Amino acid sequence: MNKNSKIIILIIVIIAAIAIAGLYLSGTLTSGGSNEEGSIDVLVGAGFSKVGADLISEFNKKYPNIKVNAKYGGSGELFATLETQKSGDVFLPADYKYMEDAMNNGYMENNTVKNITKNVPVIVVQKGNPKNITSLEDLAKPGVKVGVGEPDGPAIGKTTQKILEKNNLTDSVQSNVVVTTTTVNQLLTYIVTGQVDATIIWEDMTVWKEGDGKIEVIEIPADENIESTVPIGITSFVKDKPAADKFEEFVTSEEGKQIWKKWGGFEI
């Protein structure tokens, strides 16, 4: 090999080394994710704590340098955050009513609002169904301890109130209510620990590990039930719009929808 050939080979090796170093610096050969940076605050309904954590984890595989700060709470509480603190980048309540209120009050960039899935209420009882509850009417039976969400708090509370009103059961069931909660998650805890005999929660929560082998589910007939549409949107207070756009795009993508489905979500 002559001197010129050695010089050419050396130059090729140097160029290749520089190219590979550039790929590592960009993250292409390391994490495989984007090197875009950012930070967003997401206001998420408490009943989405499982699917939310999964969505954020998968999102960060694509965008490892975008930090997602999730604040979980009752949808009413989250709406109050928008109303009083004028903060939050992405809003993901459990019922479209809260999104509609946020849009009407100027808290959302309305053209970003999209529907993701739906929430279906079900009656949940203790394993073995000791009080033999098979319908909404049975929630009014003497001696049945019922737990409900606060009507002005979590989305499940408002929806439960509407369901009882629809079926003329408000007063009769209310006399059996022994606890009201600020989140739907608390209702699952009360039924699992045996502190109530029955409650109404979202169907997708019945796949959670917390209730495995400890609860039974009674479906509410469609003509007696009230389903909720679940939306997502970017707030008018957004501080990092590019990052918020990417998060919403992922949550509503086919990959995101599969994660919703994994956690009991419904296609709409």
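The values are calculated or read from the model by the stated rules, or taken from the named source; none is laboratory data. On a predicted model such as this, the values are computed, not experimentally measured, just so you know. Quick reminder, even Gly has a Cβ in these numbers, built from the backbone with ideal geometry, and neighbours come from all protein chains shown. To get the accessible areas, we keep the full protein, side chains included, count just its heavy atoms, and leave off ligands, DNA and RNA. Shrake-Rupley method; radii C 1.70, N 1.55, O 1.52, S 1.80 Å.
Below are the figures for this structure:
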| item | result |
| --- | --- |
| Whole-Å distance, taken between Cα centres, linking the stretch 166-184 and the stretch 53-72 | 36 |
| Probe 1.4 Å, protein heavy atoms only - accessible area per residue of the stretch 118-268 in square angstrom | 46 |
| Top of G73, G106, G153 by mean-square fluctuation, Gaussian network on the chain, Cα under 10 Å | G106 |
| Charge tally in the Cβ shell below 11 Å around D138, where Lys, Arg are +1 and Asp, Glu are -1, D138 excluded | 0 |
| The stretch 114-247 - charge dipole about Cα centre, Lys and Arg +1 at Cβ, Asp and Glu -1, debye rounded to 20 | 400 |
| Around E36: net Lys/Arg minus Asp/Glu count, Cβ-Cβ under 13 Å | 0 |
| Relative contact order, percent, the stretch 158-268 [alpha-carbon distance under 8 Å, six or more residues apart] | 25 |
| Assigned charges on the beta-carbon of Lys, Arg, Asp, Glu; the chain dipole about Cα centre (debye) | 1160 |
| Estimated [θ] at 222 nm from DSSP helical runs (n ≥ 4, -39500 (n - 2.57)) normalised by residues in the chain, nearest 500 | -11000 deg cm²/dmol |
| Cβ-placed point charges (K, R +1; D, E -1), dipole of the stretch 215-267 about Cα centre in debye, nearest 20 | 420 |
| Residues whose placed amide H lies under 5 Å from that of I220, excluding near-sequence neighbours | I123 |
| Note, ³J(HN,Hα) from phi for the stretch 215-224, Karplus 6.51, -1.76, 1.60, rounded to Hz, x at Gly and Pro | 9, 10, 10, 10, 6, 9, x, 4, 6, 9 |
| Of V44, V120, V173, the one that fluctuates the most in a GNM where the chain has Cα springs shorter than 10 Å | V173 |
| Integer Hz, Karplus 6.51/-1.76/1.60 couplings in order for the stretch 41-46, x for Gly and Pro | 9, 10, 8, 10, x, 4 |
| Accessible surface of the chain, 1.4 Å probe, proportion on carbon and sulfur as whole % | 51 |
| Placed amide H near T181: partners under 5 Å, 5+ positions off or other chain | V148, G149, E150 |
| Charge context of K257, other residues only, Cβ under 15 angstrom, K/R +1, D/E -1 | -4 |
| Amide proton proximity set for V230, modelled H, under 5 Å, gap of 5+ | I116, T117, K118, N119 |
| By average C-beta atoms within 10 angstrom, highest first, the peptides 175-182, 92-99, 238-245 | 92-99, 238-245, 175-182 |
| Estimated vicinal HN-Hα couplings, Hz - the stretch 250-258 in sequence order (Karplus 6.51, -1.76, 1.60; Gly, Pro = x) | 5, 4, 9, 6, 4, 5, x, 5, 5 |
| Estimated FRET transfer efficiency (T134, V179; beta-carbon r; R0 30 Å; 0.05) | 0.85 |
